[in-house]
Amino acid sequence: MDFGFTPEQEKWRQEIKAFLKDNPPEKFPTQTGEDSWGHGAFSYEFVRLLGKKGWISLTWPKKYGGQERPWMDLLILFEELALARVPWAAAAICWSMSNTILELGSEELKQEFLPGIGRGETILWLAMSEPDAGSDLLAMRTTAIEQNDCYLVNGQKVWSALAHLSDYGFLFARTETDPNTPRWASISLFLLDKSLPGVTVQPMISMFGDVFHSEVFMDNVRIRKKYLLGEKNQGVIHLTRTLEFDRFWARFPKPAFCHRVNQDLVQYAKETQCDGRLLAEDPMVRHKLVENAIEIESCRLVFWNVGWKIDRGLPLTYEASAAKVLADDMGQRFFNRGMQIMGPYAYLGEADKWAPLRANLRRWYLWTAGDSLAGGTSEIARNTMAITGLGLPRK
Amino acid sequence: MDFSLSEQQEMLRKTARDFFINELPKSSVKEMAKDARGYSLELWHKMAELGWMGLVLPEKYGGSEGSFLDLAILLEEMGRACLPGPLFSTVVLGASAIMEAGSEEQKERLLPKLARGELIFTLAVAESHVLSRPDFFEVKARNMAGDYIISGTKLFVPDAHVADYVICAAKTGRGPTLFLVDAKSPGLSWTVLPAMSGERQCEVKFNQVKVSKADILGKVNRGKEYIDKVLTRAAAAKCAEMLGGAEQVMEMTVAYAKERVQSGRAIGAFQAIQHHCANMLNDLDACRCVTHRAAWMVSEGMPCAREVSLAKAWVNEAYHRMTLLGHEIHGAIAFQHDHDMHLYFKQAKLGEIAFGDTAQHEEIIAREMGL
């Protein structure tokens, strides 16, 4: 057993820290607000700089521009980027989708997509949920019917995160419409070019007034056959794996990010007077800050445990779902406590040094209403844990 | 990073698990709870033969030079088996205090016997108004021409009723000092306190107990450093014991959810039960991570007050939640004495209040965070 990092890994961590010091994340222009864990906003410029460093393709084979570095190095990168709150919202998702392309894609597709993704120029979004296919994803109705050299796609996706800023959709659609075919054998995976005729991306205004998700309408869209990813009608297994990956990779940075915010809250409590004493002297405030630290650190270790399994090539069954539940539960309690510590002062409009923390905390807190739904609801994830992880019966 | 056990550790785990399955049925755990001594001497000697008392001691004192992590793995199995008796007091409290503070002569005199299972030790810290702050000790040791006279009452001293030596932390001038007190010393008396389960905690009265200078453990007035180190180890060790119990709770609860049929199907097919089990699984996995990290840091000799407190604070709460859900899923049957679930419910609460409850460890973390 060893909970430390190797000297090489520590050196790599320092290299990332130095890069972030030379390129302060807050200096980059952003195209959209924070995502749910507030890893900063999304900035094309910053993500392209990551690409230029070769850090998006860090683990890929050399022939696709990668460095064949171990997963542990990517996890360390994720942790450091999250600690620095970089504007990379969609990038974590791209990392996981590019792995699917590496795994399933034809040579032609890999050559076409990977260099652009690696440079941070091609951004992907996940086109999965539909108005009537949420937790019951296999009920999706978007069809992709084989026609000559194309698939003819008709239907509608919803909750397509950052689709309005992305280039390609990671599209799941029904390729077998015979009702006698089992649902798991009727879905396929495509790379959908947003600029194709018939694709309409309709941004959705969220509960805090701006855009994160979009609806995507597909009206007789012709996707050329070569953009089928993996085997026809075998998309369900990829769907499951994509979701599992998304649950893990999209949340791995969360404990690091929350740790950083908790450090800010500690500092705030040490500098802020209320009712005749520092907040840091209020036992209830101290209690909340410490509970935050305990839950964040426990969560972080569980994520490293899963990451270590991935690095070792050990099979995962329930772990990504479990980590998702743990992180999202933790986050809901964490941001709630943050709001409680600030109290009414969270709504001050003053432009003092705490203004960014106040504004972001309000936003992150509101996001927690959606955290336990994103990437599959926590209830579905608990079902997976019980059935796949613990072997409890389905019926 | 490496979350796996070494081959030797896997072997130790298997040996211990098999041993307890064969040697310590739960019926005997329950019998021992009513026994005056509280544990089986036969089992004690068998464990000594396996080398478990000396697992982490240096070879020159009859030990096998294992790491604290090895001990943690053994303690997990002991927690799983609900092992009663003074092993924790002797090995985690006694041996740690002697290793930390003892002179070479004391180590040579005591540790080989401890390793052979011939001596039982315990540590007396708490008092009626002190749980963790030695500066408030009321038990005092007065210097009388080189020897010391200890007076006062210690509380919650584990296994003092069977101990050969009570290591007593008493106030001596500026700070506390550790004394190695022969349990048969004139003036020393004990009463066993009411127990929730098979644990034996005692009130130990020191009525003008004379201790020679040679039985001071470590430096005079420097006891706090030793106590802090031993109690940090004890908190990490307690986490390991609780983790083992938590694993057993998870396994027995899931097994029951698979076999118990209501409304025509196994209750484990109901989502309400599945989600309870999923929540237990998350608590358990996090317990394992924080406990192993803490034990690893103790093993490596790293400063780890924060990490041990973090582990204890998490395990305290998580194990409690798990045992409540374990009872919920087992239903009324686990309320019966015959059932084993309640042993763990009790173990969880006893573990939680031992060597620092959540609030106490949160305070340590708060200070480490600069609050």
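The values are calculated or read from the model by the stated rules, or taken from the named source; none is laboratory data. Treat the numbers as computed from the prediction; the structure is a model and nothing was measured. Every residue, glycine as well, gets a Cβ built from its backbone with ideal geometry; the counts of neighbours run over all protein chains shown.
Restricting to the range A:150-172, what's the tally of residues that are farther than 14 Å from A:Pro203 by Cβ and in a strand (DSSP E or B)?
The first filter runs over the range A:150-172 and keeps only residues farther than 14 Å from A:Pro203 by Cβ, leaving A:150-156, A:167-172.
Filter once more, keeping what is in a strand (DSSP E or B): A:150-156, A:168-172.
Of the residues in the range A:150-172, 12 are farther than 14 Å from A:Pro203 by Cβ and in a strand (DSSP E or B).
Name the one entry in B:Ala305, B:Ala318, B:Ala311 that is more than 10 Å from every other protein chain (Cβ to nearest Cβ) and either in contact (Cβ under 8 Å) with a residue 40 or more places away in the chain or over 20 Å from B:Lys349 (Cα atoms) (or both).
Values: B:Ala318 fails: more than 10 Å from every other protein chain (Cβ to nearest Cβ); B:Ala311 fails: more than 10 Å from every other protein chain (Cβ to nearest Cβ).
Result of the check over B:Ala305, B:Ala318, B:Ala311: B:Ala305.
Please determine whether any residue of the range A:205-220 is without any contact (Cβ under 8 Å) to a residue 60 or more places away in the chain and over 20 Å from A:Trp159 (Cβ atoms).
No.
Can you tell me which residues in the range A:379-395 are over 17 Å from A:Val306 (Cα atoms) and within 9 Å of chain B (Cβ to nearest Cβ)?
A:Glu379, A:Asn383, A:Ala386, A:Ile387, A:Gly391, A:Leu392, A:Pro393, A:Arg394, A:Lys395
When only residues in the range A:270-291 that are among the aliphatic types (A, V, I, L, M) and out of contact with any strand residue (DSSP E or B) (no Cβ under 8 Å at 6 or more places or on another chain) count, which is farthest from B:Ile365 (Cα to Cα)?
Top of the filtered list is A:Leu278.
One line per residue, one yes/no per condition, for (1) β-branched (Val, Ile, Thr); (2) touching a Lys or Arg at 6+ places or on another chain (Cβ under 6 Å); (3) not in a helix (DSSP H, G or I):
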residue	(1), (2), (3)
B:His276	no, no, no
B:Asn279	no, no, no
B:Val290	yes, no, no
B:Ala311	no, no, no
B:Glu317	no, no, no
B:His339	no, no, yes
B:Ala366	no, yes, no
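Mind checking which residues of the range B:251-269 are more than 7 Å from chain A (Cβ to nearest Cβ), part of a helix (DSSP H, G or I) and not aliphatic (A, V, I, L, M)? Can you show your working first?
Quick first cut of the range B:251-269, residues more than 7 Å from chain A (Cβ to nearest Cβ) only: B:251-253, B:255-256, B:259-264, B:267.
Now narrow it down to the ones that are part of a helix (DSSP H, G or I): B:251-253, B:255-256, B:259, B:267.
Selection gives B:Glu251, B:Thr253, B:Tyr256, B:Glu259.
Any residue in the range B:270-291 that's at the interface with chain A (Cβ under 7 Å from one of its Cβ atoms) and over 30 Å from B:Leu74 (Cβ atoms): show its pairings with residues that are assigned to a helix (DSSP H, G or I) and among the basic types (Lys, Arg) at Cβ separation under 6 Å, as long as the two are six or more apart or on different chains.
That search, which allows pairs on different chains as well, returns B:His275/A:Arg382.
Filter the range B:150-188 for residues that are of a type in the set (A, V, I, L, M, F, W, C) and either without any contact (Cβ under 8 Å) to a residue 24 or more places away in the chain or in contact with a His (Cβ under 6 Å, 6 or more places away or on another chain) (or both) and give the result.
B:Ala183, B:Leu188
Taking the options A:Ala323, A:Ala346, A:Ala369, name whichever one is within 24 Å of B:His276 (Cα to Cα), touching a helix residue (DSSP H, G or I) at 6+ places or on another chain (Cβ under 6 Å) and part of a helix (DSSP H, G or I).
That would be A:Ala323, the only listed residue that is within 24 Å of B:His276 (Cα to Cα), touching a helix residue (DSSP H, G or I) at 6+ places or on another chain (Cβ under 6 Å) and part of a helix (DSSP H, G or I).
If I filter the range B:254-307 down to residues being within 21 Å of B:Thr358 (Cβ to Cβ) and among the basic types (Lys, Arg), which single residue comes out as surrounded by the most Cβ atoms within 10 Å (Cβ to Cβ)?
B:Arg293
Of all residues in the range A:340-362 being modelled with pLDDT of 95 or more and crowded, with 19+ Cβ neighbours inside 10 Å, which is farthest from the other protein chains (Cβ to nearest Cβ)?
So, considering only residues that are modelled with pLDDT of 95 or more and crowded, with 19+ Cβ neighbours inside 10 Å, the one farthest from the other protein chains (Cβ to nearest Cβ) is A:Met342.
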